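> If you scroll down you'll find the structure; I have some questions about it.
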Amino acid sequence: MSNEESRKTGVHRWSYREGTMVTAAILLLGFALQAASGGIVLRIAGFPWNMLAGLAFLGLLILVFVIRPKHSIVKGLGSVKAALPAILGFTFLVLLMGFVKQDVEPKNTLVKLFGLTHLVKTWPFILINLYLMILLGIITIKRLTPFNFKNAGFFLNHFGLFLVLFSTTLGSSDMQRLTMNCYENQTESHAVDASGKMIEMPFSIKLVNFSIDEFRPKVTIVDNKSGQIVLNKGKAQLEMMDRDSFTIASYHIKVEQFLESSGKSEDFYIKKNESGSAPSAKVTVNNPTDKTEISGWIFSGSYSKPPEMLQLNESFSLAMLPPEPQKFSSELNIQTKTGKNRSTVIEVNMPYSIEGWTIYQTNYNTEMGRWSNLSVLELVRDPWLPLVYMGIFLMMAGAAFLFITGKPKNGGIEHVA
Amino acid sequence: MWLDFPIYASAAFVCWLAASGLFLSSGKKMLNQLAAGFSFAGIAFLLVFITILWTHIHRPPMRTLGETRLWYAIFLSGIGLVSYLRWKYKWLVSYSLGLAMVFLIINLQHPETYDKTLMPALQSPWFIPHVIVYIFAYAMLGASSLVALRNLFFAPTEKTIKGPIQMADNLVYLGFSFLTLGLLFGALWAKDAWGHYWTWDPKETWAFITWMFYLVYIHYRFRHANEHKKAMAVLAVSFAVLLICWFGVNYLPSAENSVHVYSE
Ligand code: HEM
């Protein structure tokens, strides 16, 4: 359509100029608001206001389509001419996040003023999110009316992203993430939030048992003078004690005896299973260069027992490092205020959900390691999660569509209104 | 157990080499079928090896780097073969077989030297799909950018660019769908491991930026089907971003303490 025509019919088609101007205006407005508010950390209102605002937003979107579906602004917002600058504008903000370290104290006033260290919680970020939601909402409704199965992939991708943005933006303030410190055989019903505020939970948790499975310890070579691990090409030479014999830095090591959990008795080690016990091994070390053979005990040490190394010669010793955790888990007994009683075991990657809260295993007393009697739990409540997941699953299905159907022929615009 | 690995790996390697050779050299249907057969035979060798390994060590062999590389090799070749059967792209299957062979070579050169420990957060059923989907996406998108650079610098005429640009499009669509899956798998995993699906960790941020750039390409191409040069330029830039995400992010000041920087 030529300019001449569009003026006559009163329809003005959007070009990239309009699209870019709107996005730029939104970003400028956002940063101006952020600066004017003195670089505050923005929080969306919590329940029920966020839900009401969300419903109003959806209502408005639909209303616009009922009364003025063909208005030039609606058409413009539903076009690639608006979409591309918007996507680039959002990319610009995310790029800033990629270069400026997030969630730290701002180093200079400019960074602080524009909120660059916590961009997710600033005006420009929230406004551009809102704008993307408007665009996605408009194109979704546009493609749904009339419904055509050929648009299924389009719908899944765009509505999926819409849902994800919608639910994460609105839900951000309803999400609670708390930390609870549980000690063995004690019952705890309070947790603290990020600011240190104590919060009473609708349940109490008793830590029945905390346990760690460890990998076999690794051995390495240590410099006698500096006490440091000897590096070879910048890398520590580590060997795991899961075989009977191995070679490390040209020393041949034969494991005569390995004790998973042990303690010292006079000048050797025996099996022990009490707090502070740790792995030890009796080894014979063969040095092929000077043909010497040494044997003795090495012990990894623990929070209460000193490690023991085996001196190989004047310069070097063989040392056993503290074993690394393979898995740590907490056996919990949960008593809710509503009278439910549940026993469960949680570990990293295996949380447990109860009464809208999900309980994660996060930490323990790392200095005490296997003998820690403290288990640190994270308690998360996120009532908007089902919506987020729904969006994610729609997008997954959309990705499958992209994979199966591939790029539409002729650019694919023939089944587009 | 890994002592037998060179035998199986060499067998698979030879099969795949033969398959790629046949795919790239011939136009005959018979020979292509033979090549597909060879690709399958190579995969079968590795599957047999991994089954024996699995029963031998009494745990899923998905923990060490060497083991994950084995899976990369199997998945890459498998996806390559399936997409060949589906779309008949011979370059695609040869390319993924080539990458799979690289993984085999790395494994042959570093027998048993890998770290056997894996931090608990990584011990998740999401680990393998997340990583494999990403590797595949990066491989496809990398290939699309090679095509783009070729189109940019060896400037075929408007007439002859049709074929190459379609190839770039197909690669982007394949790669982008996997990138999206990788991103979303990562989100679901993060929820299980850390209690939140998206924390704007530097690696996540850069993966997201990469995703956005390819999103720009897709939308640009959709409405500007004839602006070939500009589209190819977008694609070339996207690849630079992808490389930053893959290699560079560890060196950015914003990336200290990233949960994704595991090494040492
Ligand atoms: C960031 C927000 C997004 C906006 C504002 C947006 C906007 C648009 C617009 C306006 C079109 C053209 C529609 C038309 O002209 O009729 C389009 C097409 C398309 N978009 Fe998006 N989009 C977004 C995100 C996505 C995502 C996340 C994906 C995929 C995962 C995607 C994949 C596509 C595809 C494949 C097309 C081609 C159309 C078709 O297949 O029918 N878009 N998008």
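> When only residues in the range B:166-187 that are facing chain A (nearest Cβ under 7 Å) and touching a residue at least 60 places away in the same chain (Cβ under 8 Å) count, which is farthest from A:Gln361 (Cα to Cα)? First the steps, then the outcome.
Within the range B:166-187, the first condition is being facing chain A (nearest Cβ under 7 Å), and the residues that meet it are B:169-170, B:173-174, B:176-177, B:180-181, B:184, B:187.
Going one step further and asking which of them are touching a residue at least 60 places away in the same chain (Cβ under 8 Å), we end up with B:170, B:174.
Numbers: B:Asn170: 43, B:Leu174: 37 Å.
Checked the range B:166-187; the qualifying residue farthest from A:Gln361 (Cα to Cα) is B:Asn170.
> Give the number of residues within the range A:256-265 that are open to solvent by 20 Å² or more (accessible area, probe 1.4 Å) and under 18 Å from A:Met309 (Cβ atoms).
Residues in the range A:256-265 being open to solvent by 20 Å² or more (accessible area, probe 1.4 Å) and under 18 Å from A:Met309 (Cβ atoms): 4 in total.
> A further question follows. Name every residue in the range B:1-52 that is under 30 Å from A:Arg243 (Cα atoms), assigned to a helix (DSSP H, G or I) and more than 24 Å from the chain's Cα centre (by Cα), in order of residue number.
Selection gives B:Trp2, B:Leu3, B:Asp4, B:Ile7, B:Ile52.
> While we're looking at this one, here's another question. Looking at the range A:134-149, which of its residues are more than 8 Å from the ligand (Cβ to nearest atom), touching a residue at least 24 places away in the same chain (Cβ under 8 Å) and surrounded by fewer than 21 Cβ atoms within 10 Å (Cβ to Cβ)? Break it down stepwise before answering.
Of the residues in the range A:134-149, the ones more than 8 Å from the ligand (Cβ to nearest atom) are A:134, A:137-138, A:140-141, A:144-149.
Subsequent filtering for residues that are touching a residue at least 24 places away in the same chain (Cβ under 8 Å) retains A:134, A:137-138, A:141, A:145, A:148.
A:Ile134, A:Ile141, A:Thr145, A:Asn148 - these are the residues of the range A:134-149 that are more than 8 Å from the ligand (Cβ to nearest atom), touching a residue at least 24 places away in the same chain (Cβ under 8 Å) and surrounded by fewer than 21 Cβ atoms within 10 Å (Cβ to Cβ).
> To continue, here is another question. Please go through (1) among the charged types (D, E, K, R); (2) under 24 Å from A:Thr91 (Cβ atoms); (3) away from the ligand (no atom under 16 Å from the Cβ) for B:Lys162 and return the number of the only condition it doesn't satisfy.
Only one criterion in (1) among the charged types (D, E, K, R); (2) under 24 Å from A:Thr91 (Cβ atoms); (3) away from the ligand (no atom under 16 Å from the Cβ) is unmet by B:Lys162, namely (2).
> Hey, any hits in the range A:245-255 for a residue that's surrounded by 16 or more Cβ atoms within 10 Å (Cβ to Cβ), away from chain B (no Cβ under 11 Å) and of a type in the set (Phe, Trp, Tyr)? Spell out how you get there, then give the answer.
Quick first cut of the range A:245-255, residues surrounded by 16 or more Cβ atoms within 10 Å (Cβ to Cβ) only: A:246, A:248, A:251, A:253, A:255.
With the extra rule that they be away from chain B (no Cβ under 11 Å), the set shrinks to A:248, A:251, A:253, A:255.
Subsequent filtering for residues that are of a type in the set (Phe, Trp, Tyr) retains A:251.
Yes, the range A:245-255 contains at least one residue that is surrounded by 16 or more Cβ atoms within 10 Å (Cβ to Cβ), away from chain B (no Cβ under 11 Å) and of a type in the set (Phe, Trp, Tyr).
> Okay, moving on. Determine whether the range A:156-163 contains at least one residue that is away from the ligand (no atom under 14 Å from the Cβ) and open to solvent by 40 Å² or more (accessible area, probe 1.4 Å). Spell out how you get there, then give the answer.
Taking the range A:156-163 and keeping what is away from the ligand (no atom under 14 Å from the Cβ), we get none.
Scanning the range A:156-163 turns up no residue that is away from the ligand (no atom under 14 Å from the Cβ) and open to solvent by 40 Å² or more (accessible area, probe 1.4 Å).
Results for (1) over 29 Å from the mean Cα position of the chain (by Cα); (2) more than 19 Å from A:Gly137 (Cα to Cα), shown as yes or no for each residue.
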residue: A:Trp14; (1), (2): yes, no
residue: A:Val22; (1), (2): yes, no
residue: A:Arg43; (1), (2): no, yes
residue: A:Asn50; (1), (2): no, no
residue: A:Leu58; (1), (2): yes, no
residue: A:Leu77; (1), (2): yes, no
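> Among the residues of the range A:26-51, count how many are in contact with a Phe, Trp or Tyr (Cβ under 8 Å, 6 or more places away or on another chain), open to solvent by 50 Å² or more (accessible area, probe 1.4 Å) and assigned to a loop (DSSP other than H, G, I, E, B).
Final tally of qualifying residues: 0.
> Looking at the structure I just gave you, is A:Leu77 surrounded by fewer than 13 Cβ atoms within 10 Å (Cβ to Cβ) and away from chain B (no Cβ under 14 Å)? Please lay out each step first, then the result.
Details: surrounded by fewer than 13 Cβ atoms within 10 Å (Cβ to Cβ): no; away from chain B (no Cβ under 14 Å): yes.
When the stated conditions are applied, A:Leu77 does not pass them.
> Also, I was wondering about something else. May I ask you to say which residue of A:Thr344, A:Thr292, A:Thr366 is of a type in the set (Val, Ile, Thr) and assigned by TED's automatic domain parsing to the domain that holds A:Ser226?
Details: A:Thr344 fails: assigned by TED's automatic domain parsing to the domain that holds A:Ser226; A:Thr366 fails: assigned by TED's automatic domain parsing to the domain that holds A:Ser226.
Among A:Thr344, A:Thr292, A:Thr366, only A:Thr292 is of a type in the set (Val, Ile, Thr) and assigned by TED's automatic domain parsing to the domain that holds A:Ser226.
> Going residue by residue through the range A:109-122, is there one that turns out to be within 14 Å of chain B (Cβ to nearest Cβ), within 10 Å of the ligand (Cβ to nearest atom) and at pLDDT 90 or above?
Looking through the range A:109-122, none of the residues is within 14 Å of chain B (Cβ to nearest Cβ), within 10 Å of the ligand (Cβ to nearest atom) and at pLDDT 90 or above.
> Among the residues of the range B:149-162, is any more than 22 Å from B:Leu92 (Cβ to Cβ) and aliphatic (A, V, I, L, M)?
If we filter the range B:149-162 for residues that are more than 22 Å from B:Leu92 (Cβ to Cβ), which is where we start, we get B:153, B:155, B:157-159.
Going one step further and asking which of them are aliphatic (A, V, I, L, M), we end up with B:155.
Yes, some residue in the range B:149-162 is more than 22 Å from B:Leu92 (Cβ to Cβ) and aliphatic (A, V, I, L, M).
> Which number in (1) out of contact with any helix residue (DSSP H, G or I) (no Cβ under 8 Å at 6 or more places or on another chain); (2) of a type in the set (A, V, I, L, M, F, W, C); (3) over 30 Å from B:Asn170 (Cα atoms); (4) within 11 Å of another protein chain (Cβ to nearest Cβ) marks the one condition that A:Val348 misses?
Unmet for A:Val348, out of (1) out of contact with any helix residue (DSSP H, G or I) (no Cβ under 8 Å at 6 or more places or on another chain); (2) of a type in the set (A, V, I, L, M, F, W, C); (3) over 30 Å from B:Asn170 (Cα atoms); (4) within 11 Å of another protein chain (Cβ to nearest Cβ): (1).
> What about A:Val100, is it within 19 Å of A:Leu29 (Cα to Cα) and free of Cβ contacts under 8 Å to residues at least 24 places away in the same chain? Spell out the reasoning first.
Working: within 19 Å of A:Leu29 (Cα to Cα): no; free of Cβ contacts under 8 Å to residues at least 24 places away in the same chain: yes.
No: the conditions fail for A:Val100.
> Only helices (runs of 4 or more DSSP H) wholly contained in the range A:71-166 count here; list those with 2 or more residues that are out of contact with any helix residue (DSSP H, G or I) (no Cβ under 8 Å at 6 or more places or on another chain). If you could, list the steps in order and put the result at the bottom.
Values: elements: A:72-77, A:80-99, A:109-113, A:123-144.
The qualifying helices (runs of 4 or more DSSP H) are A:72-77, A:109-113.
> Does A:Ser375 count as more than 9 Å from chain B (Cβ to nearest Cβ), away from the ligand (no atom under 16 Å from the Cβ), open to solvent by less than 20 Å² (accessible area, probe 1.4 Å) and under 30 Å from A:Glu214 (Cβ atoms)? Spell out the reasoning first.
Details: more than 9 Å from chain B (Cβ to nearest Cβ): yes; away from the ligand (no atom under 16 Å from the Cβ): yes; open to solvent by less than 20 Å² (accessible area, probe 1.4 Å): yes; under 30 Å from A:Glu214 (Cβ atoms): yes.
Judged against the criteria, A:Ser375 is a match.
> Being within 18 Å of A:Val100 (Cα to Cα) and either facing chain A (nearest Cβ under 7 Å) or assigned to a helix (DSSP H, G or I) (or both) is the filter here, so list the residues in the range B:197-230 that pass it.
Looking only at the range B:197-230, we keep the residues that are within 18 Å of A:Val100 (Cα to Cα), and these are B:198-210.
B:Trp200, B:Pro202, B:Lys203, B:Glu204, B:Thr205, B:Trp206, B:Ala207, B:Phe208, B:Ile209, B:Thr210, listed by residue number.
The values are calculated or read from the model by the stated rules, or taken from the named source; none is laboratory data. Because the structure is a prediction, the values reported are computed rather than measured. Ideal geometry is used to build each Cβ from the backbone, glycine not excepted, and the neighbour counts take in all protein chains shown. For accessibility, only protein heavy atoms count, side chains too; no ligands or nucleic acids. Shrake-Rupley method; radii C 1.70, N 1.55, O 1.52, S 1.80 Å.
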